[in-house]
Structure formats: structure tokens, C-alpha cells
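Written out below as C-alpha cells is the structure these notes cover.
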Amino acid sequence: MVNVKGKWALITGASRGLGRLIAHSMAEQGCNLVLHSRNNEHCKAVLDEVKVFGVEAYTIQAELSDMAQLEKMLAEIDQKGTQIDIIFNNAGLQTTYRTEFLETPVSEYETSFRINTIAPMMICYHFIKGMAERGFGRIINTSSDIDREPQQGPYSASKAALDKATRDIAYAYRDTDVIISLSNPAWCKTDMGGENAYFEPESAIPGLLVGAFVDDRKQGRYFNAQDFKNLTLEEAVKKAESQESPY
């Protein structure tokens, strides 16, 4: 199991919900954090909470549907000299559930793909070269198991595209210690998931974390967070490492 103490993790969508839980959990393990949200003010409370664990941390802002803002955010991280070791591409957008799905507007597809597919992959592309040069990196892209629901077409299609792009880049880095994974929290009672969701957000921990801690050079795995429910982090990582790579 990887020791992440002193390493730097970028967490998108860190101000609330699953991102906030990931931030707390990584800080407990001694990992330094770059906390992303659309506005730095949104992450002020999380920043204070994680610093209690004695880690370094700062906030960064960008509206991920705006590529100019995303590029500015990445440049700011570079200017600070932060070497990102771990990425949790957690931020996402779920558009309106449309019973009349044939009336889904183009704008919902465009926005969904910008936030759920393009932005996380641009973040991967930006940092992965440095990870490879240093001989270590972990990327965990958040997936979804929504399928056969055209009422949520823009969201599910953009997540399916993210899955494909993630597996492709994972294959390119096979046999390296830059390990790229997908994680699926399942339907959780977050602001995005709503109160009718099946699972409490805490149930997705440690399943959402295991991709940062596996130490076996297996690429492109899909981790269902609920499969790791109620396990310790050590138990969860051991179970994750028993899962075979698709390559």
C-alpha cells in the first residue's frame, strides 16, 4: 500500500459531498492537498478542516465548463511549483432528468461533455508527463453506472466517454507506476444525487480512495466503491489489488 504522506493530491469538486470526504480521508493519511471548486470561497471550510491534520493545502478555482478558466487554474498550480502526484477527478455535472428525453437540448450535451469528459482528461494530460518523469502517479477518474436511461443521456454519455478515454490512456502507461483507475461511488445522497439516492456518501469511502493507494502497476481497473463498504483502508487496498487489470 502506497504511503501518501508528503505527496500532493488535486481533488476537483472538493467543497462538498464526496470531494470533501476524499479530502478529509487523504489529509488523515498525511497527503497535501490542492482543493478545487468553482470559487475559492466554497472550499474555505474544507481547507480549515484538512489543515487540522498538519498537511499543507490550498484552494484553487475554475468553472470546469470554461476551458480558459481550467487552463488558468492549471497554470496557477504550476506557478506555485506544486508537483501533483495524485488526481481525483471527482467534480461532475448531472443535467436535468428529462422524461421527455427527445427534447434534450444540445446545450446539455455540450456542458456535460466539457465538465465530465474534457476537463478531467485535460487535467490528466497536463500532469501525467511529470508523474511519468518522477516515476510515480495515481489518477482516479469518477465514473457512473447509469445505463439504459435516455432520460439522463448527456450525463451517462459523457461518463461513458470518460471511461473510454481513461482506459485508453491507462493502456498507454501500462507497466509504469503511473496507475490510472476509474471509481464509481454509486448513487449517493449528495447535493447532486439527492435525498432519494440509495447510499450515504460515507459508504463510498474507502472505495473512492483505493486507486490512490494500490501499488501493483495494474492499469485501467474499475472500482465499485460500494464493494469496499465497511472495510478499513488497508483491507480495501488489498481487495483492490486482487482485481485484475483489463489489459
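The values are calculated or read from the model by the stated rules, or taken from the named source; none is laboratory data. Please read these numbers as outputs of a predicted model, since none were measured by experiment. We place every Cβ from the backbone using ideal geometry, glycine too, and count neighbours over all the protein chains shown. With ligands, DNA and RNA removed, areas are computed over all heavy atoms of the protein, side chains included. Shrake-Rupley method; radii C 1.70, N 1.55, O 1.52, S 1.80 Å.
Which residue pairs have Cβ atoms closer than 7 Å, lie 6 or more positions apart in sequence or on different chains, and pair a first residue in region 225-247 that is modelled with pLDDT of 95 or more with a second residue that is acidic (Asp, Glu)?
These pairs meet every condition: GLU241/ASP216.
So in region 36-53, with the set limited to residues that are open to solvent by less than 20 Å² (accessible area, probe 1.4 Å) and touching a His at 6+ places or on another chain (Cβ under 9 Å), which one is nearest to MET73 (Cα to Cα)?
Looking at residues that are open to solvent by less than 20 Å² (accessible area, probe 1.4 Å) and touching a His at 6+ places or on another chain (Cβ under 9 Å), I get CYS43.
Give the residue, chosen from LEU18, LEU102, LEU35, that is of a type in the set (A, V, I, L, M, F, W, C), touching a Leu at 6+ places or on another chain (Cβ under 7 Å) and without any contact (Cβ under 8 Å) to a residue 40 or more places away in the chain.
Sole residue among the options that is of a type in the set (A, V, I, L, M, F, W, C), touching a Leu at 6+ places or on another chain (Cβ under 7 Å) and without any contact (Cβ under 8 Å) to a residue 40 or more places away in the chain: LEU35.
So for region 158-165 (the condition being closer than 14 Å to PRO246 by Cβ and part of a helix (DSSP H, G or I)), does at least one residue qualify?
Scanning region 158-165, I find at least one residue that is closer than 14 Å to PRO246 by Cβ and part of a helix (DSSP H, G or I), so the answer is yes.
Only one residue in ILE60, ILE84 is touching a Phe, Trp or Tyr at 6+ places or on another chain (Cβ under 6 Å) and not basic (Lys, Arg), so which one is that?
ILE84
Give me the pairs, please: first residue somewhere in region 171-198 and assigned to a loop (DSSP other than H, G, I, E, B), second residue anywhere and at pLDDT 95 or above and open to solvent by 70 Å² or more (accessible area, probe 1.4 Å), beta-carbon distance under 8 Å, and either six or more positions apart or on two chains.
Listed by first residue and then by second, the contacts come to ARG174/ARG217; ASP175/ARG217; THR176/ARG217; ASP177/ARG217.
Among the residues of region 138-157, write down those that are part of a loop (DSSP other than H, G, I, E, B) and open to solvent by less than 40 Å² (accessible area, probe 1.4 Å).
Hits for region 138-157 are SER143, SER144.
Restricted to region 158-169, and to residues that are out of contact with any Cys (no Cβ under 7 Å at 6 or more places or on another chain) and surrounded by fewer than 24 Cβ atoms within 10 Å (Cβ to Cβ), which residue is farthest from TYR125 (Cα to Cα)?
Per the stated criteria, the residue is ALA160.
Name every residue in region 183-202 that is out of contact with any Leu (no Cβ under 8 Å at 6 or more places or on another chain) and at pLDDT 90 or above, in order of residue number.
ASN184
Condition first: loosely packed, with under 15 Cβ neighbours inside 10 Å and of a type in the set (A, V, I, L, M, F, W, C). Now tell me which residues in region 77-110 satisfy that.
PHE101, LEU102, VAL106
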